[in-house]
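Peer 1: Before we start, here is the structure in question, set down as structure tokens.
The values are calculated or read from the model by the stated rules, or taken from the named source; none is laboratory data. It should be emphasised that the depicted structure is a prediction, and the values quoted were computed from it without experimental measurement. Because the Cβ atoms are built from the backbone with ideal geometry, glycine has one as well, and the counts that use them run over all protein chains shown. Side chains are part of the model used for accessible areas, which takes the heavy atoms of the whole protein and leaves out ligands, DNA and RNA. Shrake-Rupley method; radii C 1.70, N 1.55, O 1.52, S 1.80 Å.
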Amino acid sequence: MRREIMESLWEQTAQRSKFERLEQDMKTDVLIIGGGMAGILCAYMLHRSGVSYLLAEAETICSGITKNTTAKITSQHGLIYDKLIREFGIEKARQYYRANEEAVKAYRDLCSGIDCNFEEKAAYVYSLNDRQKIEKEIAALEKLGAHVEFSDHLPLPFSVAGAVKYQNQAQFHPLKFVSGLTKGLHIYEHTTVRELKGMTAVTDHGRISANKIIVATHFPFLNKHGSYFIKMYQHRSYVIALENAANVDGMYIDEAQNGMSFRNYGNLLLLGGGGHRTGKKGGNWQELRNFARQYYPNATEKYHWATQDCMTLDGVPYIGAYSANTPNLYVASGFNKWGMTSSMVSAFLLCDFVQGKQNPYAQLFSPSRTVLRPQLAMNALEATVSLLTPSTKRCPHSGCALKWNPHEHTWDCPCHGSRFSENGALIDNPATGNLKK
């Protein structure tokens, strides 16, 4: 049976920079493990600050989750601010908003010198049937000093109960941005960090000794510290790019986790949705294709791809010390569905930390904050059920039973989100190796 090659729009419309493989032992002040958007922004900021650093990427830069983003640069993160005020208080909710607004501005400044299709757009989060949710979110944002608007007339092919409109947000081509940003940076590709021995990273062709280490590998790969395997789960979602569809002139997302998102890129409409917890069943591309046939019958599908997001217990990323017992080891993970601004916020914080500087947002994003959240019990239950499920295919990360994904022809782990090809090759972490034959 012939199978389609699944590559994102970004992969097929950008030229990639290439970097050498590490072939010798090295010493550096800061080692960054992981060459996605977060790791690259850390490298760029350290380079600009004159700090000795090195970035090691197992494959090629942005070959993991970054290449599959929908590339929205926004402080609009769903209906999060009313929730943050209730759970963290007004001041921390205000910090979260400010940190992400600073991230939007930083992208705006950087993109002014890079040809990456950067466009200022309004961002909307809408509700199909609950106007009160939208009104509560607007009231929360007004308490934080944000300037947002209510809207109930959107250029979408269905009616909504209401939406929060954020002005002065943006979208871009992430891989063109990365190509422009990485010129001259100290990056090694095809350099897999197999293990850490103290502050020395072991790779296949050399060891890297560092004073400080940043782990920016999407899902943290060191399992014995930080308990990230129980503090996060992974959520899979899908995108199709349509030609001859609508120009929606903005970025839109449903407040419901499994709702739909919309944005344009050139003459294409990017339609997102069909999501589900990794290893579970969901709508996949078929849900999007059914929607397109109904509402955009003259459209033609040009690209399709999927992505995966690490979801935290409280909706806030984990950025800071890897654990209380690992000095000089740092992490950036749990970006939920907002990887672009969260990557920039991570770079702000981690570059301060490795230089011994204070950061006003440190406590808010601390990975050591309380884990006593309702989602913790759900994560633990999912892991327990999967561990007890009989299966010949087990995830090498923690032994959970793998599920066959017939849409993408992969073996997926419902516990922590590791994914493997049909032949057992590792696709997504936290697993660090292939399936055993």
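Peer 1: Quick one: which residues, 5+ away or cross-chain, put their amide H under 5 Å from the amide H of Ile32? H built at 1.01 Å from N.
Peer 2: For Ile32, the qualifying residues are Leu54, Leu55, Ala56, Ile214.
Peer 1: Also, quick follow-up: Hey, can you grab everything whose amide H is under 5 Å from the amide H of Ile80? Only 5+ residues off in sequence or another chain; H modelled, so Pro and N-termini drop out.
Peer 2: Distant-sequence amide H within range of Ile80: zero hits.
Peer 1: Determine one quarter of the surface area of the Cα convex hull of segment 1-56, which equals its mean projected area, and express it in nm² to one decimal.
Peer 2: Projected area, direction-averaged: 6.2 nm².
Peer 1: Helix by helix, which DSSP H runs in the chain go 15 Å or more along their axis at the Cα atoms and have an average Kyte-Doolittle hydropathy of -1.0 or more?
Peer 2: Length and hydropathy pass: 37-49, 339-354, 374-388.
Peer 1: Here's another thing I want to ask about it. Go through segment 153-246 and name the chymotrypsin sites (Phe, Trp or Tyr not before Pro) that are in a DSSP coil and have 12 or fewer other Cβ atoms within 10 Å of their Cβ.
Peer 2: Phe158
Peer 1: Excluding the sites themselves, what is the longest stretch of the chain that contains no GluC sites (Glu not before Pro) in a DSSP loop with at most 11 other C-beta atoms within 10 Å?
Peer 2: In short, 21-437.
Peer 1: Relative contact order for the chain: what percent, with Cα pairs under 8 Å and sequence separation of 6 or more?
Peer 2: Taking the mean separation of contacting Cα pairs over the length of the chain, I get 18 percent.
Peer 1: Provide, for q = 0.19 Å⁻¹, the log10 of I(q)/I(0) from a solvent-free Debye sum over equal Cα point scatterers in segment 33-178.
Peer 2: So the normalised log intensities work out to -1.16.
Peer 1: I need the shape label for segment 266-394. Rule: rounded when a/c is under 1.5, else prolate if a/b > b/c, else oblate, with a, b, c from the alpha carbon gyration tensor.
Peer 2: Note, shape of segment 266-394 comes out oblate.
Peer 1: Go through segment 242-258 residue by residue and turn each phi into a ³J(HN,Hα) via Karplus (6.51, -1.76, 1.60, θ = phi - 60°); whole Hz please, and just put x for glycine and proline.
Peer 2: With coefficients 6.51, -1.76 and 1.60, one gets 10, 9, 6, 10, 7, 9, 8, 6, x, 10, 9, 8, 6, 5, 6, 4, 9 Hz.
Peer 1: Hey, what do the phi angles of segment 313-318 turn into as Karplus ³J(HN,Hα) couplings, whole Hz, using 6.51/-1.76/1.60 and θ = phi - 60°, x for Gly and Pro?
Peer 2: Per residue, the Karplus-derived 3J(HN,Hα) values read 5, 10, x, 10, x, 9 Hz.
Peer 1: Using a 1.4 Å probe on the protein heavy atoms, what percent of the accessible area of the chain belongs to carbon and sulfur?
Peer 2: Exposed carbon and sulfur together represent 48 percent of the surface.
Peer 1: Right, something else. Can you pull the one-decimal nm distance between simple spin-label points at Met6 and Gln167, each 7 Å off the Cα toward Cβ?
Peer 2: 4.0
Peer 1: Taking a ≥ b ≥ c as the square roots of the Cα gyration tensor eigenvalues, with a/c under 1.5 meaning rounded and otherwise prolate when a/b beats b/c, else oblate, which class fits the chain?
Peer 2: The shape class here is rounded.
Peer 1: Moving on. Say the cut-off is 27 Å between C-alpha atoms; which of Lys121/Lys302; Lys281/Lys302; Lys165/Lys280 go over it?
Peer 2: Table pairs above 27 Å Cα-Cα are Lys165/Lys280.
Peer 1: Please give the per residue accessible area of the chain, computed with a probe of 1.4 Å over protein heavy atoms only, in Å².
Peer 2: 42
Peer 1: Using the Cα atoms of segment 122-211, I'd like the radius of gyration and the largest Cα-Cα distance, Dmax, both in angstrom.
Peer 2: Gyration radius and largest Cα-Cα distance of segment 122-211: 23.1, 58 Å.
Peer 1: Continuing with the same structure: Considering the chain, which cysteines have no disulfide-compatible partner, defined as another cysteine with its Cβ under 4.7 Å away?
Peer 2: Unpaired cysteines in the chain: Cys42, Cys62, Cys111, Cys116, Cys310, Cys351.
Peer 1: OK, next. Could you list which residues have their amide H under 5 Å from that of Lys393, counting only those 5 or more apart in sequence or on another chain, with H placed in the peptide plane?
Peer 2: Leu402
Peer 1: In the chain, what % of DSSP beta bridges are antiparallel (nearest 5)?
Peer 2: 75
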